[in-house]
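Derivation of every value follows stated rules applied to the coordinates shown; laboratory data play no part. The model shown is predicted, which means the values in this text are computed figures rather than measured ones. Cβ sites come from the backbone with ideal geometry, for glycine too, and all protein chains shown count toward neighbours.
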Amino acid sequence: MNAAIGDMLREAALLMVVGMGVVFLFLVLLIAVMQINARLFAPSIQNTQHAAMPAINSGVNDEKLVAVISAAVHQYRKDISND
Amino acid sequence: MNAAIGDMLREAALLMVVGMGVVFLFLVLLIAVMQINARLFAPSIQNTQHAAMPAINSGVNDEKLVAVISAAVHQYRKDISND
Amino acid sequence: MNAAIGDMLREAALLMVVGMGVVFLFLVLLIAVMQINARLFAPSIQNTQHAAMPAINSGVNDEKLVAVISAAVHQYRKDISND
Amino acid sequence: MEKLTILWQSTALANFQLGQLVMMGLGLLLLYLAIVRQFEPLLLLPIGFGAILTNIPLAGFSDAGGMLHYIYMVGIDTGVFPLLIFMGVGALTDFGALIANPKMLLLGAAAQFGIFATLLGAIALNMVPGLEYDLKQASAIAIIGGADGPTAIFLASKLAPDLLGAIAVAAYSYMALVPIIQPPIMKALTTEKERQIEMAQLREVSSKEKILFPLLVLILTIFFLPTATPLVGMFCLGNLMRESGVVERLSKTAQNELINIVTIFLGLAVGSKMSADKFLKAETLGILVLGAVAFAIGTAAGVLMAKLMSRLSGGKINPLIGAAGVSAVPMAARVVNKVGLESNPHNFLLMHAMGPNVAGVLGSAVAAGVLLALVG
Amino acid sequence: MEKLTILWQSTALANFQLGQLVMMGLGLLLLYLAIVRQFEPLLLLPIGFGAILTNIPLAGFSDAGGMLHYIYMVGIDTGVFPLLIFMGVGALTDFGALIANPKMLLLGAAAQFGIFATLLGAIALNMVPGLEYDLKQASAIAIIGGADGPTAIFLASKLAPDLLGAIAVAAYSYMALVPIIQPPIMKALTTEKERQIEMAQLREVSSKEKILFPLLVLILTIFFLPTATPLVGMFCLGNLMRESGVVERLSKTAQNELINIVTIFLGLAVGSKMSADKFLKAETLGILVLGAVAFAIGTAAGVLMAKLMSRLSGGKINPLIGAAGVSAVPMAARVVNKVGLESNPHNFLLMHAMGPNVAGVLGSAVAAGVLLALVG
Amino acid sequence: MEKLTILWQSTALANFQLGQLVMMGLGLLLLYLAIVRQFEPLLLLPIGFGAILTNIPLAGFSDAGGMLHYIYMVGIDTGVFPLLIFMGVGALTDFGALIANPKMLLLGAAAQFGIFATLLGAIALNMVPGLEYDLKQASAIAIIGGADGPTAIFLASKLAPDLLGAIAVAAYSYMALVPIIQPPIMKALTTEKERQIEMAQLREVSSKEKILFPLLVLILTIFFLPTATPLVGMFCLGNLMRESGVVERLSKTAQNELINIVTIFLGLAVGSKMSADKFLKAETLGILVLGAVAFAIGTAAGVLMAKLMSRLSGGKINPLIGAAGVSAVPMAARVVNKVGLESNPHNFLLMHAMGPNVAGVLGSAVAAGVLLALVG
Ligand code: NA
Ligand code: NA
Ligand code: NA
């Protein structure tokens, strides 16, 4: 029995080494592929800023819109609690 | 044949008695269990009132809100039909 | 082989004639059935006009409503861009 | 020419048997009831359509390899479809009214008398020449009195699959006819004064009680009636998903898409059991008669039990609510409400009738368990 | 070391055959067409993905025990998936335009000439050395001319399962290519003046007509062409659920979740039939050629029939709408509208083209029924 | 009397075995954890319910003909359910954070050390008398360290179906316990200063990159590890449907209704594997211990790798994010964020931890592929 367990332990250890090796190799390969992908298709910085600008603006507008609506609702609630 | 039907009728009558008995026993048992459940976990009266109060208030507010909006819409429709 | 193809060609030609015939017959039959269906259940012209009138009116109203809202939003945007 | 002969041979016109035409007419009648009369359309529309499809000569919808055959084998022969419907119904059911007033369970119990009296009646019908029901078939027919579609389909698929079509059609049809069947019985067995009784408002129920309820029902069923656990278990799973509040997305799916998909298939598969050779028999007529009797007896038993409880409670219970004990959720509860309003325009019994109504679902699932244990 | 050898042996690199690489490239091409060119992406994306998966060496997606094998056996071998898609399409289809103008059915009939002419052509191709189609295969290929995906898949799964992958890909690809294939044919067969014809507004249609329509279609099919009832029946069930208005929740589920789930699985299963050994054959090339021919002939036949009807009606019909008779809903109708606008900027033919468009769906289902009856 | 005896014989009370009662208690415990403690309720609620149902004496839920038996055979024995869950998870996953910083994949790789170390540990446990795991069982147990439910269920169904119940319960329980298991390990292996490191904002990612990502992952897997293609393939299909933007309705269905339906069935089927005779064994205790060890080692390995990368990068990486490499999406990333905030209230690590988090899903799918290739 002991001998059998020894064999299995050796095999398990081997599995550990090979398994971790494959996992790392595979994911390192994927890193390389993704870096190529990024070089080809990542948005350039100018594009990014260009795309981001209107979003920020509209964000500002939205905040103002929210503020306007909040004030109106606030006023409405005040009216109600006064009568 | 007649004898066979007689046997089956007797069996069916027995099924009726046993069946209704089991159904009643089972559901009476369930009543008992539910009463224990209620004694342990039913909401106390104070909790109930506490929980119910804001709901009632908000209901009132909602009604007012609806009234305000209705009036506005009414006015809008009137404006339209006048031009 | 050539003979076999000849047989198959003849069969395919027959299929073409019979197939198109059945398709036409079937759909012509369906036309007849639908015309009966229409005679029995098609909406009469008066019903149609009656039903269509309010829809048109409400369409006009909706357009006005849209115009009113658009103007308000426009004003709001103008306010924002001025401050 | 030969092609045309083959085509003609392949038309239904050359192959129709009278029975098939009659069954198609019946299928159209079900569609009419579903669409124009709005009788339980969710089930009767697909059932009616399935009945038409299964009776088309040569199309083989219900033969080996046919679509309806596959659907039946996968969903009904295995019992999976009615159980999934039950899970969905559990997720749709609010037991609040019953938890607030557990005594209502007695009404759900009494109304099951319709089932067992009909079982006796079905056996008695064996004395009519040409009718022959064995105990299994009689039990499957009797469950129509449970006024619960999936329970009836589940039991029939286990005890008498050949009668499944007729039993399911009878069950759903009479459920739709509750507003016609019940009121005369309710009025005959109650006095005007009883019908005017207003009931005290129900207490609030905590979410803990609601979460524990399906578990307690399940545990009792496990201990005392394991044969009822498929039905009760799936019902309780659905209800637990609903009330636990932690699996909202599963609960919503069980209540909507899943139950809808299964309903389409269940209806078609039930319809596929309405082939002429299995449906056009004296037995089917007997099933329709027995089903109506079962509903009537169940209603009467529920009302009488409620009358007794009303007396014992010193007039705090309106006996009309007993009629809701047959289940037929929520139709029976609405009928109670309507009949109550006729006698007393300020008397809203709907919430009070929901207790016996959902109790009736449990009651007939328990009755089905008893029948499976003793007859199955 | 031994472990590494096993691992290497288990990599695809050590096991690839050229054909599998080619098929993966084809799968990627389908993904490209679906995603970048937006060619029928709902089907071509899962088909392309399935084609990639099924050609992975050692992964066994389409072997006994593999996922795609199970999906294929459950959904396509039984015919259930295309029938469910057809039910969903029925629930999505508004027959109003066709009911308002039933003569449009003639255009849906004429366009099926593409199917039967292609059947003849496929048999004729047997004279080319290396190509061999028997009558069943020729019929399955010809149905591509029906321009209807589920009909093509259903018929191919019955008559020529080995060709299913190629036939489905051809059918969906050409449906996506309708805006390129049809306009030159339409313009070649019509005069500028004909293309400028404006058509009278369609009459309103009552909801009764809409409810009865699927039932009348079903009854006719039952009587005269039972072999078409699986396709036509499920289509009519979906449409009846839609128009009856009483089973809203079933209709919505059939139009959305159910058709979506089935579409994912159907696409994958079709893709699983694109294994190198079955796809990389001279026959596949023949299928692609024949499919294009079928679309072209169907379009021409529809336009010519519309031209005839235009003359007979004294110029009240714009012959362009005949092209919509091939079905390819709603793409073909949109193409008609676009070509019409080019000749007359005030001429909106979309609604008028919807009639022949949905008629084409019925036409090809009927044609499939004829082929099943005579060849199947 | 005889009827009553039959009834009594048919109650569970007369037939209970102690083990079944214990397992029901365990089922209730899982329900408690799911509902009150909100431990992965989407899975643990149906698993707990399934565990109760499967241990009811006489009810036969998991015997041939029982509902849970059918569900298990259809969905788990075939491997289809975990693969569909994986497709849904793919459709729910945004790989943006990983694509912006691909080096995070190293953390997802390192954390898989928990799997392989546990495999060694499971074999070593054979030295404890009464415990016996062969290599397949040890591998199935070890995958708990992958902290990914569907991967664990898929691998266990292939390598050690008898242990499936225990493995799935351990996997989901420990995923829910991540906020308790991980923080002490994370703090023990990092210095206060390291935990305060703020990371640079991630770059934007184009939609082209996001569309190509699942395809690139798929192609690599096909070439180098075909045994991982079922899991990785379905995951990539889901992600491609999401990112391609052309099949919105399929993507939404995969993310919602389809994954919900499958989750209900998957949970019940996993629960059905928790029968007393298979669960109440010393081996199960071993599985629970090994699972906890696996999570701990995986966390430690991830943190240490992140520490190394932090040093090499000159302190631009906060080593805490290594803990997210075990996957347990999105719980582990949230834990990272929380622990980070404790040391530096301005340090929001959530987005940075999402990279290793989704990398961990790929990592454990790859590890599962290795184990299937070498042990399966
Ligand atoms: Na009932
Ligand atoms: Na067509
Ligand atoms: Na992982």
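Each other residue within a Cβ distance under 15 Å of F:ILE317 adds +1 if Lys or Arg and -1 if Asp or Glu, for a net charge of +4. How big is the C-alpha Rg of the protein assembly as shown next to the rule-of-thumb value 2.2 N^0.38 Å, as a ratio? Normalised Rg, Cα atoms only: 1.00. Going from the fewest other Cβ atoms within 10 Å to the most, the residues E:ILE144, E:ILE321, D:ILE259 appear in the order D:ILE259, E:ILE321, E:ILE144. Using a Cα-Cα cut-off of under 17 Å, which aspartates and glutamates could be cross-linked to E:LYS187, ignoring same-chain neighbours fewer than 8 residues away? The reachable aspartates and glutamates, counting only those whose Cα sits under 17 Å from E:LYS187, are E:GLU198, E:GLU342. Among the residues of F:197-207, the average count of other protein chain beta-carbon atoms within 10 Å of the residue beta-carbon is 3. For chain F, the longest principal axis of the alpha carbon atoms and the long axis of helix F:207-224 meet at an angle near 60°.
Label-point spacing at F:GLN201 relative to the other copies reads 5.5, 5.5 nm, in ascending order, each point sitting 7 Å out from Cα along Cα→Cβ. Counting neighbouring Cβ atoms within 10 Å and putting the fewest first, the residues E:GLU192, E:GLU204, D:GLU257, F:GLU248 line up as E:GLU192, F:GLU248, E:GLU204, D:GLU257. Label-to-label distances for D:GLY314 across copies, nearest first, come out at 9.0, 9.0 nm, using points 7 Å from Cα in the beta-carbon direction. Summarising the amide proton neighbourhood of F:LEU189: residues at separation of 5 or more, or on other chains, whose placed amide H is nearer than 5 Å comprise an empty set. Once the Cα atoms of helix D:80-92 and of chain D are each reduced to a long axis, what angle between those two axes, in degrees from 0 to 90 to the nearest 10, is obtained? Taking the Cα atoms of chain D, the angle to D:80-92 is about 30 degrees. The mean number of Cβ atoms from other chains found within 10 Å of a Cβ in peptide D:264-271 is 2, as a whole number. Taking Lys and Arg as +1 and Asp and Glu as -1, the other residues whose beta-carbon sits under 15 Å from that of F:LEU83 total -1.
Measure out, as a whole number of angstrom, how far apart the alpha-carbon centroids of the stretch D:110-146 and the stretch D:358-376 sit. Value for the Cα centre distance between the two parts: 15 Å. Here the chain F residue lying nearest the rotation axis onto D, judged by its C-beta and given with the distance in whole angstrom, is F:GLU257, 3. Shape of the stretch E:77-146 from the C-alpha gyration tensor: oblate (a/c of 1.5 or more and a/b not above b/c, with a ≥ b ≥ c the square roots of its eigenvalues). Converting phi to 3J(HN,Hα) with the Karplus coefficients 6.51, -1.76 and 1.60 and the offset θ = phi - 60°, the stretch F:196-206 yields 8, 4, 9, 10, 5, 4, 6, 6, 6, 10, 7 Hz in sequence order, with x at every glycine or proline. Counting Cβ atoms of other protein chains within 10 Å of each Cβ in F:31-37 and taking the mean gives 3. Net charge in the neighbourhood of F:SER157 (other residues with Cβ under 15 Å of its Cβ; Lys, Arg +1, Asp, Glu -1) is +1. With its label point put 7 Å out from Cα toward Cβ, F:LYS338 sits 5.5, 5.5 nm from the same residue's point in the other copies, in order from shortest.
Can you give me the P(r) profile for the stretch F:57-192? Cα pairs, bins 10 angstrom wide beginning at 0, each as a whole percent. Reading upward from the zero bin: 11, 30, 35, 18, 5, 1. Over chain F, the ratio between the Cα radius of gyration and 2.2 N^0.38 Å evaluates to 1.03.
Which shape class applies to the stretch F:108-256: rounded if a/c is under 1.5, otherwise prolate when a/b exceeds b/c and oblate if not, where a ≥ b ≥ c are the square roots of the Cα gyration tensor eigenvalues? If you can, show how the numbers build up before the last one.
Values: a/c = 2.15, a/b = 1.29, b/c = 1.67.
It comes out oblate by the Cα gyration axes.
Its alpha carbons give the stretch D:1-123 an Rg and a Dmax of 21.3, 76 Å. State which entries of D:LYS103/D:LYS307; E:LYS3/F:LYS136; D:LYS158/D:LYS252; F:LYS252/F:LYS338 exceed 19 angstrom in Cα-Cα distance in the structure shown. In this structure, D:LYS158/D:LYS252; F:LYS252/F:LYS338 lie more than 19 Å apart at Cα.
With respect to chain F, whose longest principal axis is taken over its alpha-carbon atoms, helix F:229-244 is tilted by about 60°.
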